[in-house]
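To keep things clear, I will list the structure first and then write my remarks on it.
Values in this text are rule-based calculations from the coordinates and carry no lab data. As the structure is a prediction and not an experimental result, all values here were calculated from the model. Quick reminder, even Gly has a Cβ in these numbers, built from the backbone with ideal geometry, and neighbours come from all protein chains shown.
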Amino acid sequence: MTPPLHLSLAGQAVDVLREQVLTGVIPAGARVNEVEVAQQLGISRGPLREAIRHLASEGLLTLVPHRGAFVPAADEDEVRALFELRTALECAAAELAASRRTDVDLVRLQEVCAESRRNYRAGQPFPYRLDLAFHQTLLDAARSPRIAEQVRLVQQRVVLLRSALEDDPPHQHASMDDHDELVRAIADGDAARASGVMRRHLSRVCAQMLTSLNA
């Protein structure tokens, strides 16, 4: 019996390769060096190629015939298209979270916000993991698996594109403020306000990415 992907060598390679792509270890526009990565992971190229195909299906890699797999580079049209989709999905999720959240959900959201603040005050960059953790916790509170599944794929693409851009400390601070305001709206059960804050937040993130892209 073939083991599930997440338990197989290919599944382990997916996790490691995804991390390398999302953190910019393999930068935008670069080709995945199959020999080098396979040696790093201590696996053959067969499971690695399966992992590459999986990440290509998620949009994190682009397969070019006779050339290999490449990390996509950001462009304005791609950024705008991703944020149009992300806004539609996450505004709906924010509304649902405001009406479906539990006290445990609120505590988790507040904990992620607090950890982000601690890292920021310590001079650490606002890591993509904490940003994703906040949005994932909000999605958990929304209790809509279909929305969550689609948002996860879009968020990964956004993180990928952002990995090639310069950090912007004022933008990071503003994002944390947005997260705090979202938590307050969700705590109050105000669906319209939560959706509005999310829309404004994603609009600003999109604008910041476009500015960095054109810098």
Rounded to the nearest 20 Debye, what is the dipole magnitude of region 9-71 about its Cα centre when Lys and Arg each give +1 and Asp and Glu each give -1 at the C-beta?
-> 200 debye
Once semi-axes √(5λ) of the Cα gyration tensor in Å is worked out from the coordinates, which option in (i) 23, 20, 15; (ii) 39, 16, 15; (iii) 32, 20, 16 does it equal?
-> (iii)
Of the candidates Phe70, Ala88, Gly24, the farthest towards the positive dipole end of region 1-92 (Lys/Arg Cβ +1, Asp/Glu Cβ -1, centred on the Cα centre) is Phe70
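Which whole-number percent gives the relative contact order of the chain, counting Cα pairs below 8 Å spaced six or more residues apart?
After rounding, I find 27 percent.
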Any residue on another chain or 5+ positions along whose placed amide H is under 5 Å from the amide H of Thr23 is listed here as none
Taking the dipole about the Cα centre of the chain, with the C-beta of Lys and Arg at +1 and of Asp and Glu at -1, give me whichever of Gly59, Ala187, Thr102 is farthest to the positive side.
-> Gly59
Tabulate in residue order the Karplus-calculated ³J(HN,Hα) for region 29-36, using 6.51 cos²θ - 1.76 cosθ + 1.60 with θ = phi - 60°, rounded to whole Hz; enter x for Gly and Pro.
-> x, 7, 8, 6, 7, 4, 4, 5
Charge context of His54, other residues only, Cβ under 11 angstrom, K/R +1, D/E -1 = 0
Ordered by packing density, taken as the mean number of other Cβ atoms within 10 Å over each peptide's residues, highest first, how do 117-124, 67-74 rank?
-> 67-74, 117-124
Residue of Val21, Val159, Val64 that the Gaussian network model of the chain assigns the largest fluctuation, springs spanning Cα pairs under 10 Å | Val64
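Mind checking the dipole of region 133-202: about its Cα centre, +1 per Lys or Arg Cβ, -1 per Asp or Glu Cβ, Debye to the nearest 20?
That gives region 133-202 a dipole magnitude of about 400 debye.
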